[in-house]
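Coordinate-derived values only; no laboratory data. Here the structure is a predicted model, which is why all the values come from computation and not from measurement. With ideal geometry, Cβ positions are generated from the backbone for all residues, glycine too; neighbour counts draw on all protein chains shown.
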Amino acid sequence: MTYSKKIMSNTAYHAAGRVWQIAVVLFLTPLILSYLGDEQFALWALFWTFSTYFMFMDFGLGISLVRETAQCSSKGEHLVISQALNSLLLFYMLLGAIALLFAWFASPEIIKRLNVSNEMAGIVLEMLHWGVFIFVLIGLVNTLAALLRGLQRYDLITKAMFFVSVPNLLGTYLILELGFGIVGLLWVVTAIYLLQLLLLLFYSKRVMPKLVFGVKLISWHVIKEMLPFGARLQVSKFAELASYQTDKILLALLMPVQFVTMYDLGAKIASLMRDLPYSLTSAVFPAASEMHGQDDFKRLWQMYDIGSKYLLVTTLPMLFGLWLTAHLIIGMWLGFVSEYVYQSVLILSSAYWMVVSLAMSFSVGTGMGWSKPVMQSSILQAVVNVLLSYWLIQALGFIGALCGTAIAITVANTILYYRFCRHFERSIKVEVSRLWLVIKGNIPAVIACGLFVFMGDQWLEWGDRFMSILLFVGAVIVYVVTYLLSLRIFQVFDREDLRLLEGKVPMIRWLVISPMQKEETH
């Protein structure tokens, strides 16, 4: 299988799985909110925030395992892969033991800081003690998923995710209906991750029969070799924590806890701007690692150049469309439109697009070991985000958290992109001209869709689910049709795109104007 086919296949599987995963989250969120209420839902959101912090404590060994597996599998070094996997699994178990001790001793202070009622204090205590076991399970699941990503078997990861989503949906509904609340949700999450762990273990053995498990295979030498690369990249994960999660903790400490719910609801919609495009580039990292291991630099550059173009063509209409229809999405999702949720969607989606616009350079660069500039940029983003959000929340309230995140992400990612272009001797002018070409292709669609939404809003009452759905569907149709016409008129795609995408992307032949057609248009 050629590199292009492998990347497209993995991208398709990962995108399908990610879309389904997002759909499950969007479906469960209003359901859980309706049963728990604002205060308990805020605690549930904070629980998942702390799970992200726990994943951060692996020092980047998970992403190092992807790179190590991709490079070693191409050389047939199965023993090294087994050593790395066994060592990382034990590492997570030890990490869990440390986290359990911390939760046991720190729980009184955490409960005090959250300033919740006595009833909520009991729930928080249960979450802290039960949650550590869940966090370890998530770490083990992510480790086996990293192995399969390194082997470029995204199809198996997606199959396991699809399989567990059904009991997740049914179990969540039944537990809430029976009145078990957050404690019942913890039971469901534990069962789901245990099931997923067993499935990934089965798939890993099937795709790599030479994979073995045992205490004798634990090698701290392998961990030591993987650590420097992973530790640098893990700093970038810390930036994600600062940008996507820390704001919730600051809001919980500085404002009424209900604002955490408003932030989380808006962030879930805005994260569509981040998660969906990232699913289109996730397969690039292991492929880039494999190419780099074979010194195939020519294909690395081709992959970056083509992928960057397709990323802009995909993400800019998503961003503009989300701005125009944010109130419709909130209305049909929640049944009401909160001003705070609306503000979160608009500001956070803009910030997330800045991150997504660098997804190809990040994936290709890290695949080549270009981790130091990423680490430095991440430190800058994390520090600016936390300090600025803390100050702006006190000065402006809720919107201060949103502005602090947006400013920090914009500054840090702009600097990182400049360094990337300079390091790899790429002209920023070429990248800017490409961006402007895609923006021009979106202008007619923005105008047409904006007029459609403006006229539709005259008959819309905020929170009317049925009318919100009708207007949203109509707005999407207007935007897509106008955008496709604009892509053809502005000649965004060329014959090289036709060669790569024909038979894989619908309408690509119509979007590409041939040289003969160009002469006729003149």
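Some observations on this one:
- The ratio of the alpha-carbon radius of gyration of region 70-178 to the globular-protein estimate 2.2 N^0.38 Å is 1.44.
- Cβ-Cβ distance of residue 372 and residue 107, R₀ of 56 Å, FRET efficiency by 1/(1 + (r/R0)^6): the value works out to about 0.90.
- Between residue 162 and residue 457, the FRET efficiency from the beta-carbon distance, with R0 = 35 Å, is close to 0.40.
- Legend: residue pairs 75/210; 75/159; 112/248; 248/309, Cα-Cα distance threshold 22 Å; pairs beyond threshold, 75/159; 248/309.
- Estimated vicinal HN-Hα couplings, Hz - region 210-221 in sequence order (Karplus 6.51, -1.76, 1.60; Gly, Pro = x): 7, 6, 10, 10, x, 5, 5, 8, 5, 10, 6, 5
- Each label point was placed 7 Å from the Cα along the Cα-to-Cβ direction; for residue 318 and residue 422 their separation is 3.0 nm.
- Gain on full stretching of the segment that runs from residue 27 to residue 202 - 0.36 nm per residue minus C-alpha separation: 60.1 nm
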